[in-house]
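Asker: Okay, handing you the structure first.
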Amino acid sequence: MTQAYVFALDPTHSQVSLLRSHIGGTRFVYNALLGLVKTNWDENRAKVHAGEAVTREDYLGTRHLDLQKTWYANRDEVATWWSENGSSTYNYACLNLSKAFANHRAGRAKFPTFKKRGSSGSVSFLASAIKLSDSHHVRVSRVGENKTYESTRKLYRHLERGTGRIMAATVTERGGMYTISFTVAVTRVVPATRSPEKIIGIDVGLTTLYTGAGADGEQLLNVENPRHLITVQKELSHAQRVASRRNGPKPGVAPSNRWKKANSRVQKIHTSTANVRRNLIHETTSMLAKNYDVIVIEDLNVKGMVKNHSLAKHISDAAWGEFSRQLEYKTTWYGSTLVKADRFYPSSKTCAQCGAVKAKLSLTERTFACDSCGHQVDRDLNAAINLARLGLPGTSSGTGRGGEVRPQPQTLVATAHPGEASTETPRALGA
Ligand SMILES: [Zn+2]
């Protein structure tokens, strides 16, 4: 399976200009090839219109190899400087453009458009052009030894042990910040089944992000919602207001330098919030998948919830969808089982003590108070206990909806995480 590893880079000034040259080069080649194909097709169309004979061979192809051929045939003319950058990077431009064409043919996307120059961009390298020198340095051919902010120890160990192999790497620039994302083929050892089964139910809430409990009522997990994400939200709206007062890009008009500066500030805040959130979700999901045999969560209708404006910000902060998605693939890595409770299962409204179901429970009620037995318990904890009980072996009538309670472990194909790897990261450079 492939897995993505992402690290923030700390390039020197000269490395920044080399990385920019590669990113710009990739974008240039992508645009140049798209231009050549478009012109060629327009010309052929005009010929057909004029009654001239046009054969299939007259049309430039859009498959990876076709585009590579067009690139080799035209590079000395359209990009005299091409030899300044690592040549595998152009190959990825061909690959990415061929994918864009394929997506259009399949009806998944609009016709490819030219990539705009801006404060973001990316460039991919073949595995042979990248080397992890130690746990804090990545050697990129033509760019040199780049320092990483964080330790690359996890990936470095995989490579040393021979349980991981780098397939490709993508350097992405966003608002002046650089990250490198490795696509790595990883071999994993699935641990033998543990016994007795450890079960945890997780309630995803607003004040406490994740509350976990066992079927016996013991609280097992408490992850607070990082409030600073909300503080940062204020900083972000301020930065966005500043940017909106300046002269941004309009058709035919270049954005002002003051706008670029303000926009880069906005991008930086976005990137750092995304990092904080991603790390928190990763830590929590890894811990759960490694330590529990059965993890029960709600199958929330995230789209439906985001429509509720007062909740929207919190819900997206809580990133429930990402949490669930990560649990899906991590449970397959570690041999644990993810159970999703039926969306209508009243985990919040059911009393964990006596089983009575409340007719109504408003979001502002933080404590669950049972009308039947008088039991009082934290709302999220009550829900988590009820969820955990759905994971008990033999539980099938718990939902009252006849939903599939304990599905077989899903066979999911683990892919690189889209949130981490650039969407342009090719899996492998297929011929
Ligand atoms: Zn009760």
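Asker: Which value in nm describes the separation of the simple spin-label points at residue 104 and residue 54, placed 7 Å from the Cα toward the beta carbon?
Answerer: Calculated label separation equals 1.4 nm.
Asker: Then there's this: Counting other beta carbons within 10 Å of each Cβ, put 81, 71 in order, fewest first.
Answerer: 81, 71
Asker: So, one more: If we count other beta carbons within 10 Å of each Cβ, what is the order of 338, 220, 387, 392, fewest first?
Answerer: Result, fewest neighbours first: 392, 220, 338, 387.
Asker: A further question follows. Could you compute the FRET efficiency for residue 241 and residue 145, with r as their C-beta to C-beta distance and R0 at 41 Å, rounded to 0.05?
Answerer: 0.50
Asker: If packing is taken as the average number of other Cβ atoms within 10 Å across a peptide's residues, how do 208-215, 11-18 rank, most packed first?
Answerer: 208-215, 11-18
Asker: Could you list 197, 57 in order of exposure, starting from the residue whose Cβ has the fewest other Cβ atoms within 10 Å?
Answerer: In order of increasing Cβ crowding within 10 Å: 57, 197.
Asker: Rounded to the nearest 0.05, what FRET efficiency do residue 83 and residue 46 have when you use their Cβ-Cβ distance and R0 = 25 Å?
Answerer: The value I calculate is 0.10.
Asker: In vacuo Debye scattering of segment 199-390, one point per C-alpha: log10 I(q)/I(0) at q = 0.19 Å⁻¹?
Answerer: The Cα Debye sum returns log10 ratios of -1.27.
Asker: How big, in percent, is the set of alpha carbon pairs in segment 2-186 lying more than 29 Å apart?
Answerer: 31
Asker: Would you list which lysines come within 17 Å of residue 131, measuring only between C-alpha atoms, while excluding same-chain residues fewer than 8 positions from it?
Answerer: Reachable lysines: 147, 154.
Asker: Can you tell me how much longer the chain between residue 275 and residue 14 gets when fully stretched, taken as 0.36 nm per residue apart minus their C-alpha distance, in nm with one decimal?
Answerer: Full extension from residue 275 to residue 14 adds 91.4 nm.
The numbers here are math on the coordinates, done by the rules we state, and not lab data. From a predicted model like this one, the values you see are computed outputs, not experimental measurements. In this analysis, Cβ positions are derived from the backbone assuming ideal geometry, glycine residues included, and neighbour counts consider all displayed protein chains.
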